[in-house]
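Report on the following structure.
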Amino acid sequence: MNRLDGTVAIVTGAGGGIGRGIVRRYVSEGAKVVAADIDQKLLGRLDEEFGADIVTVQANVAQAQANRRLVETALAEFGRLDVFCANAGIYDQNVALADLDFEALDRGFDELFAVNVKSVLFAARAAYDALVESKGSLIVTASFASFSSSGGGALYTASKHAVVGLIKQLAYEFAPDIRVNGVAPGIAPTTLKGLNALGQQPKDSVLQGTERAVPLQAIPESDAYGGLYALLASRRDAGHITGSVFNADSGLAIRGMSKPGGRAR
Ligand SMILES: NC(=O)c1ccc[n+]([C@@H]2O[C@H](COP(=O)([O-])OP(=O)(O)OC[C@H]3O[C@@H](n4cnc5c(N)ncnc54)[C@H](O)[C@@H]3O)[C@@H](O)[C@H]2O)c1
């Protein structure tokens, strides 16, 4: 018996690095998955890899209707919904506030908050009835930037701090029927999309030399995060956990001043 046998999950941003790792882990643990992304080409690769265990849907999570369509697809294709994993996100490429004029700030805020924050509200609202029915859970991708400065610029940091507030508030509002938790990755070797409003092109998430700055002295593969999402999806393993955000930052938050880790060379 696999841990997620009988579980039906929606994963957004499923075509990207961390999302694909979540889908991979969910399917390997027995789940059926509705995999959503705005990028049709990435979804095509998912179809090739996972076949009948998943259904792919092109969707812009910043739109309410797209989130409703994802829930409808889960119910129509697999008959239930146990987990909505709101993982899609975009990045501000660490842009400093002082480098943004007011117009760029205005448009950048709207674009980034629509994808990183409003989408979580839409996901939660769209999935509410189905998750109450299944006693399911909402899992949101937070970030190192949910707790610290400099994991992004002011826009990204504010959006990921907001995500933590939503996890707490929704965990409270939805208890005892729906659990709401988050995973806060530190660094993953992905190519996060930048802001169209600022003319940013996708860029590698990992800066050169980052592995030497973290206590564990290594950058995890994107797939490494899937295990935490599987744990949180499992009623057996996480039926008692709600309102929590799990830091998976390779020790970044406890980095020392003299050297990153006590035994690091
Ligand atoms: N890579 C890191 O170091 C890192 C660290 C902390 C948190 N995160 C978070 O992890 C999550 C996944 O990012 P990733 O690193 O795998 O990057 P990624 O760019 O590889 O994956 C994100 C996916 O979301 C999709 N997406 C973007 N906008 C969308 C929209 N409007 N609707 C639907 N899909 C959309 C993209 O096409 C992409 O496939 C994000 O929430 C990100 O903020 C990443």
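Every read-out reported here was derived from the displayed coordinates using simple, explicitly stated rules and does not represent laboratory data. In this text the structure is predicted, and so the values were computed from the model without any measurement. Heads up, the Cβs are rebuilt from the backbone with ideal geometry, glycines too, and the neighbour counts pull from every protein chain shown.
Filtered by the rule that a residue be of a type in the set (A, V, I, L, M) and near the ligand (Cβ under 8 Å from one of its atoms), segment 16-44 gives ILE18, ALA36, ILE38, LEU42. For THR12, the criteria (1) touching a Cys at 6+ places or on another chain (Cβ under 8 Å); (2) more than 10 Å from the ligand (Cβ to nearest atom) hold in every case but one, which is (2).
Annotation: of all residues in segment 191-204 being in contact (Cβ under 8 Å) with a residue 24 or more places away in the chain and not hydrophobic (A, V, I, L, M, F, W, C), the one that is farthest from the ligand (Cβ to nearest atom) is GLN200. For first residues located in segment 115-129 and touching a residue at least 60 places away in the same chain (Cβ under 8 Å) and within 15 Å of ARG80 (Cα to Cα), partners that are more than 14 Å from the ligand (Cβ to nearest atom) and of a type in the set (Gly, Ala, Ser) and lie 6+ apart or on another chain with Cβ distances below 8 Å form the pairs ALA127/GLY136. Go through the residues of segment 209-221 one by one and say whether even a single one is within 11 Å of the ligand (Cβ to nearest atom), surrounded by fewer than 20 Cβ atoms within 10 Å (Cβ to Cβ) and among the polar types (S, T, N, Q). Within segment 209-221 (the criterion being within 11 Å of the ligand (Cβ to nearest atom), surrounded by fewer than 20 Cβ atoms within 10 Å (Cβ to Cβ) and among the polar types (S, T, N, Q)), the answer is yes, since at least one residue qualifies. Applying the condition of being free of Cβ contacts under 8 Å to residues at least 60 places away in the same chain and within 16 Å of the ligand (Cβ to nearest atom) to segment 161-187 and asking which residue is nearest to the chain's Cα centre (by Cα) yields VAL163.
Of the residues in segment 137-155, not one is more than 16 Å from the ligand (Cβ to nearest atom), more than 21 Å from GLY17 (Cβ to Cβ), polar (S, T, N, Q) and in a helix (DSSP H, G or I). Where residues in segment 122-136 are touching a helix residue (DSSP H, G or I) at 6+ places or on another chain (Cβ under 7 Å) and of a type in the set (A, V, I, L, M), which of them is nearest to the ligand (Cβ to nearest atom)? If we take residues in segment 122-136 being touching a helix residue (DSSP H, G or I) at 6+ places or on another chain (Cβ under 7 Å) and of a type in the set (A, V, I, L, M), then ALA123 is nearest to the ligand (Cβ to nearest atom). Candidates in segment 73-88 are the residues that are surrounded by fewer than 24 Cβ atoms within 10 Å (Cβ to Cβ) and in a helix (DSSP H, G or I); of these, the one that is nearest to the chain's Cα centre (by Cα) is THR73. Against the numbered list (1) in contact with an Asp or Glu (Cβ under 7 Å, 6 or more places away or on another chain); (2) without any contact (Cβ under 8 Å) to a residue 12 or more places away in the chain; (3) among the aliphatic types (A, V, I, L, M), LEU207 comes up short only at (1). Among the residues of segment 172-182, is there at least one that is surrounded by 21 or more Cβ atoms within 10 Å (Cβ to Cβ) and closer than 29 Å to GLY261 by Cα? Yes, some residue in segment 172-182 is surrounded by 21 or more Cβ atoms within 10 Å (Cβ to Cβ) and closer than 29 Å to GLY261 by Cα. For segment 103-119, the count of residues that are in a strand (DSSP E or B) and closer than 19 Å to ALA162 by Cβ is zero.
Note on segment 61-72: residues that are in a loop (DSSP other than H, G, I, E, B) and either surrounded by 16 or more Cβ atoms within 10 Å (Cβ to Cβ) or acidic (Asp, Glu) (or both) total 2.
Of the helices (runs of 4 or more DSSP H) lying entirely inside segment 207-264, those containing at least 2 residues that are within 21 Å of the chain's Cα centre (by Cα) and of a type outside the set (Val, Ile, Thr) span 226-233, 235-238. Pairs linking a residue in segment 68-97 that is farther than 19 Å from ASN116 by Cα to a residue that is among the basic types (Lys, Arg), with Cβ atoms under 6 Å and 6 or more positions apart or on different chains, are PHE78/LYS32. When the test is whether a residue is closer than 26 Å to LYS135 by Cβ, under 19 Å from the mean Cα position of the chain (by Cα) and not acidic (Asp, Glu), ALA64 passes it.
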